[in-house]
Every structure is written in C-alpha cells, then in structure tokens.
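To keep things clear, I will list the structure first and then write my remarks on it.
The values are calculated or read from the model by the stated rules, or taken from the named source; none is laboratory data. This structure is a prediction, so every number in the text was calculated from the model and none was measured. When we count neighbours, we look across all protein chains shown, and the Cβ atoms used for this are built from the backbone with ideal geometry, even at glycine. Quick note on the areas: whole protein, heavy atoms, side chains included, nothing else; ligands and nucleic acids left out. Shrake-Rupley method; radii C 1.70, N 1.55, O 1.52, S 1.80 Å.
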Amino acid sequence: MKRKIISFLGSNILSQLILLIAVPLTGRIYSDYEIGVLSFILSISAPLAYFYTLSYNKAIMLPAKSEEYSMLYAVSIFLSITISLISFFVILISMLFFDIDSYFLIVPLVAFSQSLYSASKDILIKKGLLNIVSKSMILSSVFAVIIILSGYYIKLSYWVLILSYVIPNFLATIFILFYIKIQRKKIVYREFYNIILKYKSFPLHQMPAYFINTFNAELPSFFIKHYFGEAILGNYFMASKIVNKPLSLISESLNGLIYKDLSETNKAKLNKKMNTYVGLLFLVSLLFAIVYLIFGEYFFSLFFDINKWRKAFDMSKIIIFTTVISSSFSHYSSGVLVKRKNKIFLVWEVITTLVLFVSFFLGKSSTIDFFIWIYVGVILFRYLLLSLLFNKS
C-alpha cells in the first residue's frame, strides 16, 4: 500500500509540474485581458461544479459496501448532467432579455466537466486504484499544455484557454471510465431515492458549505474585475498561479489521500493525525515562501517577460502569504467533514464569507495591492477559526 501511495504522489507531482510549465507558456502567448476572462469564467464554474453533484460524490468515501458507493457515484453523475443542462438553458433564455456576454454559455460545460472528473476520481480513490487516478491527471495535464500551445497558431483568444480546461477533463474522465467497471447490477435505480435520503446531510449542509468555500476562494476575482478590470484580473490570476502551483504539487496531491486516511482513522486519534498533517504542510509552505521572497524575481525573470508581467510579480509577493495559510490549514475542512460536523462547517463558511464581503466592499477605493493585503488578513482569520472549530468539536 505504501508503494501505491508513493507512486500516486509521484505521479500527481508530475502532473502538477506539467501544469506548472503551462503557466509561463500562457503568459507568453496570451494577453492579460484574455487571461482575465478565463479567470472570471473559472471563478463562476468552480463553485457551480460542487453544486451540480449536490456533494453526493463527497460521500463516496464513507460506505464500506461497493454497492452503496457505486450508487452514490451514479447519483452524482445523474445530478450533474441534469443540473448542468438546466443551467445552460437558464443562461440561454436570460441572454434573450439581458445583455450577457456570449462566453457565459460555456460556463455550464466547464462546471460539468469539473464535477464529472472530480466524482470519477473520488470513486477510483475509494476503490484503491490510485495508479489510474495518477495516469488520468497526467493525461489531463499533457492535453491542457497542448491546447494552450495551440493558441499560438489558433487565434481564438480566450476560447482556447477555456477549452484547455474542458477538453482535458472530459478526456481524463473517459480514460477513468474504462477502469471503473461498476457492474450495472450494483446500480439499482429504484434505490436512488433511498440513497439520496440516507446521505441528505451532504446536499443540505456539505454542498452549501463546499459551494460557499469555493465561491469564497473565487470571490477576489469578482471584485477585482468589478473594481480594476479584466487586465488587472489577468495579472492577479497569473500571480496566483505562480505561487499556488508549486505548493499544489504537494497539497492537492495529498488532499484525497488525507480525506481517505482520516475517514478510516479512529476518532480518538483523529485530532492528532490532522494536526500533524497541517503542521508538516505549513512548514513546507513556509520554506517555499521564504525562498520565493528572496530569489523570486530572479526565477520569475527566467520564465516570464518581467516588463509585461511586472504587476503580476508584485502581486505574487503578497498573495504568497494567503498560499502558505490556505495550502496547509485548509485541510482542516476534511477533518471537520470526517467528524460529520457539517453544520459547523456551513456556519464557518457563512461567517467568513460575510467577513470577506464586508472587507472587500470597504476596500473598493483602495489600490490593488492594499486590496490583496485585506484578503490576506481575512484568510488568516478564516483558517485560524477553522482550526479552532476542528480541535474543539
């Protein structure tokens, strides 16, 4: 099992490294405005992806019986297809009455591709097929880079960037479906209603919490677009990628494994194990931040046109503090959910989102740098509160 986990982590790191390569390529091929539009689309689709499955895919890790978690996967896919189609037609009809940009039509497709791939990865992790998850992530990363590079020849502006997220998700999901091998007899459609009722706490409490959590993470993009425009948003997006991607090599790779490990851990040892995970991740993140703040400009100049992306680099030196906090302390959310404290999780999300809204509203007359510092302060409050709730619950 240890060998499988090491192989899984290695493959995940490789897939993240491939995507890390795509960041400077994106900066050289596309303008800050085009990247800003992509950022805005992703800011809408990311929270929608959680809404489409109503978070039933997050319950896949809990049942011991294969019949039950197979049903949860089927429920997740059915809901995702249904809700994405409804949202597409809602946007289409809205365009007849309101002045809405055409790129909004692709939002349901982006969100659907994300929810489909996420649910498929969850069931593979539950089945212990970590090598297949790893291969799918590498496949997705490679195709994303290929599509991004194609933008140099195919002059379709931000559409190419958006497709670099959609197409790889679908290809990786198709790859996974060849290995899932869920027997149809395990999916009893008349049991859909019973499964939905049994795990109703997920759409009632966890889905709103996950939706708000993701919306919370994307909230700066909405305000930056409104206050400063798409070009500045493009710089913010690039700055976030520059400092987030290296740390996500470890943090995102461990996310599914941490959740699975905690769900199988004795309650008496849960707090100690969770705090150990967070402590180690914080130390790694802090080390990266120190190195970046000292040598960042040198490495940045090697891969980016510093004259074109100077603003992005200046932003990254502030954003790195939110990255250090969120890449480590955000994992407490897995611990809270394993404890089935969904109501606490939801209350935490609502409180911190309101604080973020008020803070951003008060910062509307500020500079972009001060605006980001406001965000750092709120993120620190947000995750310190989460760690307190986890350890006291």
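Taking the Cα centre of the chain as reference, the dipole from Cβ charges on Lys and Arg (+1) and Asp and Glu (-1) amounts to some 1760 debye.
Applying 0.36 nm per residue to the separation of LEU197 and ILE351 and subtracting their alpha-carbon distance, the gain on full extension is 52.7 nm.
Shape of the chain from the C-alpha gyration tensor: rounded (a/c under 1.5, with a ≥ b ≥ c the square roots of its eigenvalues). Label sites at LEU302 and TRP373, each approximated as a point 7 angstrom past Cα along Cα to Cβ, lie 3.1 nm apart.
Simple rule: put +1 on each Lys or Arg Cβ and -1 on each Asp or Glu Cβ in the chain, find the dipole, and look at VAL347, TYR69, PHE288; the Cα lying farthest toward the positive end is TYR69. Taking every protein chain into account, the accessible area of the chain amounts to 47 square angstrom per residue (probe 1.4 Å). Peptides 154-162, 97-105, ordered by how many other C-beta atoms sit within 10 Å of their residues on average, highest first, read 154-162, 97-105. For the chain, the relative contact order is 24 percent, taking Cα pairs closer than 8 Å that sit 6 or more residues apart in sequence and dividing their mean separation by the residue count. Please give the residues of region 206-245, grouped as numeric ranges, whose backbone N is less than 18 Å from a label point set 7 Å along the Cα-to-Cβ vector of SER365. Counting backbone N atoms under 18 Å from the label point, the list is 227-228.
Would you work out if region 1-154 is rounded, prolate or oblate? Take a ≥ b ≥ c from the square roots of the eigenvalues of the alpha-carbon gyration tensor; rounded if a/c is under 1.5, else prolate when a/b is larger than b/c, oblate otherwise. Oblate, since a/c reaches 1.5 and b/c is not below a/b.
Each stretch of four or more DSSP H residues adds -39500 (n - 2.57); spread over every residue of the chain, this sum gives -28500 deg cm²/dmol at 222 nm. Sparsely packed loop sites in region 295-324 (the trypsin sites (Lys or Arg not before Pro) outside DSSP H, G, I, E and B with at most 14 other Cβ atoms within 10 Å) comprise LYS308. Projecting each Cα onto the charge dipole of the chain (Lys/Arg +1, Asp/Glu -1 at the beta carbon, about the Cα centre), which of PHE357, PHE223, SER328 comes out farthest on the positive side? The one lying farthest along the dipole's positive direction is SER328.
Basic side chains Lys and Arg get +1 at the Cβ, acidic Asp and Glu get -1 at the Cβ, and with that the dipole of region 293-393 about its Cα centre reaches some 480 debye. By accessible area, using a 1.4 Å probe on protein heavy atoms only, the chain has 68% of its surface on carbon and sulfur. When only Cα pairs below 8 angstrom with a gap of at least 6 residues are kept, region 41-83 shows a relative contact order of 43 percent. Each other residue within a Cβ distance under 14 Å of GLY229 adds +1 if Lys or Arg and -1 if Asp or Glu, for a net charge of 0. Need one word for region 68-212: rounded, prolate or oblate. Basis is the Cα gyration tensor (sqrt eigenvalues a ≥ b ≥ c); a/c below 1.5 gives rounded, then a/b vs b/c decides. Note, shape of region 68-212 comes out oblate.
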